[in-house]
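Working notes, structure below.
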Amino acid sequence: MATTKTHHLKHWDTLHNNGPFKLKKLYITELEGDGIIPKKIDRYNDAVVEIQRLIKETFNANQGFRAYGSAWSLNHIAHHKDCMHYNGFMNIHMPIQPENLHSDTTFKAENLFLFQCGTTIKRISEVLSSHGKSLKTSGASNGQTIAGCISTGVHGSAFQVGSVQDYVVGLHLITGPNIEDNVYIEPESKAGLNDAFAQSISKKIIRDDAMFYAALVGLGSFGFIHGVVIEAEPRFLLNRYVRKIDKNVALQLADTLDFKNSPFKIPEETTPDGFGKTPYHYKVFINQYSDEPEYVVELMYKNAYKNDYKDPFPIIKQSLYMDLIHLFTKMAENWPKSIPWLIKRLEKSILPKVDEDLTGTLPEIFWDAPYQGGAFACSVGIDYTDSSKALKLLCDLTTKEGPIPGIFAMRFVKQTKATLGFTKFPVTCMLEIDGVLWKKTRKIMSFEAYCTRIIEVLKQNNIKFTQHWGKGSNWAYNGLVNYMYGNDTVNNWKAQRKKLLSPEMLHFFANDFLYETKLAADEPVIHPINPQNEDLIT
Amino acid sequence: MKNSIKIFTLIIISLLLSSCYSVRLRSINGAYQPDPLLSRDDYYRGMEVVELDTVIKIDVVSKDFTYLIKETEACKSGKLHTVEFKNTFGGSLLSVFSFGKKRKLKVKYVCMKPTN
């Protein structure tokens, strides 16, 4: 039987010190050993019993509940003031067999895998590599759990691929304390698994596009994500190049993603007729405090996997000495005018080294990111055609009303189908500023004020935008989510949540983040109705 | 005379500082055993760290010493992910004056996260 340790705590914090936040109880569940329960599927289902016991216990105590994984989000989206559940030890995986496939599916069984919620991206990549497979994309590192990634929309810069949630085939959710509150959801238009397999892990199957795409980026509020079925692809290599190029050329590429006709080319990555190839990944680094005429850009080109490539690890980026970061933060708080100078000094450590090319697999290139002290990140999603315009606005804000101890970068992501996926534009430019956390002083504005100004500046200039769910913002900004996604989309997301969860569980799985963003409201709860497009099996 | 004392002091401080260093080994593969309570604020934040700070005694006939890593609550897999060895001036002195029979063991290690 899976077991849970309960810690009575007063506070909880994220990995990057974005809290602390108040907490009453932290649950940590570990699975039964394979000596006691040898079959994976039995251990997987045994965990469901334990999670439902915890849900019942918490609900009976009139408290709320939220699961989380690696605590990598840089805000309070994963937090609940009552009870939180750490699921990092729940990491079973099961390859899908041909006999598990739905009769109408277009998926190949060899590419489908079920991962339990707490499996990290790193572990998933290792499992997939052993099958000759790879994730299609990941974030910039590998420590997030699969459930955390999809709940908050983790993305890389693969602008022809999408975000992590975009290769999810099905979701297994625990939606309450009762045996029947155990649901497998997949889109009706793209079914993956057959009823027999779905029945082996759940009590109810829902094949419904609207429900699936709402639950996909569910912000942790569609129940306890217990398992995620993903589609992998054959393992591949990425050739990574880092170059310093003319600012205008870098921005033109950002605004058009037209690598074919750009004056900038990587000689090794051109077609036989001399045009530039379209990369798998494009990222632009911007030091807004520098007047240099060039930006550092990172490009990656996808190639078939082969064994004989040079070990990329000697040039994987080294981490900064943490005490140095602490010192720089203190300097930034007290002497904000020193920030541009400090960032210039740090540039070589923060940015990838120019002209240091490498080849590696996805998990090798997007490897571990050691903890480097308290960090902040704000990330807005904009249509890629607005990239340079939005960048100028936010750089001006940061230099004129700041300075702020961070630097900008732009990454590009293909459109998601997830209802509240922030990569909602045909190609979304994720314009982000990352840096070290600072405290407000008389000389430097607060982080909250800076986040508010980002929203105001984009609104004033009529730039349509979204914000990364796992990063910093003024989430309580009036009407923010409706402004970003539109009333219909937001109402649809809420309606699907109401359809899936009982009135009690709607509140149970909501947290302060959801109330602040008005995605959950203290409104009279509506009794759930049976979804029209679902297949009930019990 | 005063200058000589200053130079001598500087040399001693330099020796002391340079004799205190640490080396970290980290596996490329595998995930570390997590510390869900996030009880640290250093490089090891989020990792379940085991710290050893002891003196090992080696008898006359032994040539070397092997410290065994066992499965414990803080090392569920019994397999190593990261090891950091720290050498100090005191540790070096102890080894020198005991003819290698007493050795300062100042080590941090993190085990692999168990997989299911």
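Step by step: first the residues of the range A:312-349, then only those that are at pLDDT 70 or above and touching an Asp or Glu at 6+ places or on another chain (Cβ under 9 Å), then the one that is surrounded by the fewest Cβ atoms within 10 Å (Cβ to Cβ). Which residue is that?
A:PHE313
Return the residues of the range A:197-230 that are closer than 22 Å to B:ASN116 by Cα, in contact with a helix residue (DSSP H, G or I) (Cβ under 7 Å, 6 or more places away or on another chain) and open to solvent by 10 Å² or more (accessible area, probe 1.4 Å); say none if nothing qualifies.
Result: A:PHE197, A:SER200, A:ILE225.
For the range A:49-66, give me each residue that is farther than 16 Å from A:PHE509 by Cβ and surrounded by 19 or more Cβ atoms within 10 Å (Cβ to Cβ).
Result: A:GLU50, single match.
Taking A:ASP434 and the conditions (1) in contact with a strand residue (DSSP E or B) (Cβ under 6 Å, 6 or more places away or on another chain); (2) within 26 Å of A:GLU347 (Cβ to Cβ); (3) open to solvent by less than 20 Å² (accessible area, probe 1.4 Å), which numbered condition does it fall short on, given that it satisfies the others?
Of (1) in contact with a strand residue (DSSP E or B) (Cβ under 6 Å, 6 or more places away or on another chain); (2) within 26 Å of A:GLU347 (Cβ to Cβ); (3) open to solvent by less than 20 Å² (accessible area, probe 1.4 Å), only one is false for A:ASP434: (3).
For residues that are assigned to a loop (DSSP other than H, G, I, E, B) and facing chain B (nearest Cβ under 9 Å), scanning just the range A:83-98, find the one that is surrounded by the most Cβ atoms within 10 Å (Cβ to Cβ).
Pass one, the range A:83-98, residues assigned to a loop (DSSP other than H, G, I, E, B): A:87-92, A:96-97.
Remaining after also requiring facing chain B (nearest Cβ under 9 Å): A:88-92.
Working: A:GLY88: 26, A:PHE89: 20, A:MET90: 29, A:ASN91: 24, A:ILE92: 21.
Restricting to residues being assigned to a loop (DSSP other than H, G, I, E, B) and facing chain B (nearest Cβ under 9 Å), the top hit is A:MET90.
What are the residues in the range A:14-73 that are of a type in the set (Asp, Glu) and not in a loop (DSSP other than H, G, I, E, B), if any?
Correct list: A:GLU30, A:ASP42, A:ASP46, A:GLU50, A:GLU57.
Can you list residue pairs whose Cβ atoms sit under 7 Å apart, with the first residue in the range B:88-116 being hydroxyl-bearing (Ser, Thr, Tyr) and the second being in a helix (DSSP H, G or I)? Count only pairs 6 or more apart in sequence or on different chains.
Within 7 Å, the pairs are B:THR115/A:ARG123.
Going by the conditions given, is A:ILE77 at pLDDT 95 or above and either in a helix (DSSP H, G or I) or basic (Lys, Arg) (or both)?
So A:ILE77 does not fit the description; no.
Quick one: A:GLY69 ticks every box in (1) farther than 23 Å from A:ASN182 by Cα; (2) within 14 Å of chain B (Cβ to nearest Cβ); (3) surrounded by 22 or more Cβ atoms within 10 Å (Cβ to Cβ) except a single one, so which number is it?
Here A:GLY69 clears every test but (1).
Does the range A:112-121 contain any residue that is open to solvent by 10 Å² or more (accessible area, probe 1.4 Å) and either touching a helix residue (DSSP H, G or I) at 6+ places or on another chain (Cβ under 7 Å) or more than 9 Å from chain B (Cβ to nearest Cβ) (or both)?
No: the range A:112-121 contains no residue that is open to solvent by 10 Å² or more (accessible area, probe 1.4 Å) and either touching a helix residue (DSSP H, G or I) at 6+ places or on another chain (Cβ under 7 Å) or more than 9 Å from chain B (Cβ to nearest Cβ) (or both).
Kindly check whether there is at least one residue in the range A:99-110 that is in contact (Cβ under 8 Å) with a residue 60 or more places away in the chain, more than 10 Å from every other protein chain (Cβ to nearest Cβ), in contact with a Phe, Trp or Tyr (Cβ under 6 Å, 6 or more places away or on another chain) and open to solvent by less than 30 Å² (accessible area, probe 1.4 Å).
Checking the range A:99-110: at least one residue is in contact (Cβ under 8 Å) with a residue 60 or more places away in the chain, more than 10 Å from every other protein chain (Cβ to nearest Cβ), in contact with a Phe, Trp or Tyr (Cβ under 6 Å, 6 or more places away or on another chain) and open to solvent by less than 30 Å² (accessible area, probe 1.4 Å).
So, restricting to strands (runs of 3 or more DSSP E) that lie completely within the range A:372-437, which ones have at least 3 residues that are over 18 Å from the mean Cα position of the chain (by Cα)? Reasoning before the result, please.
Values: elements: A:375-383, A:406-414, A:427-436.
Because the criterion is at least 3 residues that are over 18 Å from the mean Cα position of the chain (by Cα), the strands (runs of 3 or more DSSP E) in the range A:372-437 that meet it are A:406-414.
Is there a residue being in contact with a helix residue (DSSP H, G or I) (Cβ under 9 Å, 6 or more places away or on another chain) and of a type outside the set (S, T, N, Q) anywhere in the range A:266-274?
For the range A:266-274, residues in contact with a helix residue (DSSP H, G or I) (Cβ under 9 Å, 6 or more places away or on another chain) and of a type outside the set (S, T, N, Q): absent.
Would you say A:SER125 is open to solvent by less than 20 Å² (accessible area, probe 1.4 Å), closer than 26 Å to A:TYR213 by Cβ, away from chain B (no Cβ under 14 Å) and in contact (Cβ under 8 Å) with a residue 40 or more places away in the chain?
Taking the combined requirement at face value, the residue does not satisfy it.
From A:GLY274, A:GLY220, A:GLY227, which residue is among the small types (Gly, Ala, Ser) and in contact with a Lys or Arg (Cβ under 7 Å, 6 or more places away or on another chain)?
A:GLY220
Of the residues A:HIS80, A:HIS76, only one is away from chain B (no Cβ under 14 Å), within 20 Å of A:PHE422 (Cβ to Cβ), in contact (Cβ under 8 Å) with a residue 24 or more places away in the chain and touching a strand residue (DSSP E or B) at 6+ places or on another chain (Cβ under 9 Å); which?
A:HIS76
Inspect all residues belonging to the range A:264-277 and state whether any of them is modelled with pLDDT under 90, among the aliphatic types (A, V, I, L, M) and open to solvent by less than 70 Å² (accessible area, probe 1.4 Å).
For the range A:264-277, residues modelled with pLDDT under 90, among the aliphatic types (A, V, I, L, M) and open to solvent by less than 70 Å² (accessible area, probe 1.4 Å): absent.
The values are calculated or read from the model by the stated rules, or taken from the named source; none is laboratory data. Only a predicted model underlies this, so the values are computations on that prediction, with no experimental measurement involved. For neighbour counting, all protein chains shown are included, and Cβ atoms are generated from backbone atoms with ideal geometry for every residue, glycine included. Note: areas computed on protein heavy atoms with side chains; ligands, DNA, RNA excluded. Shrake-Rupley method; radii C 1.70, N 1.55, O 1.52, S 1.80 Å.
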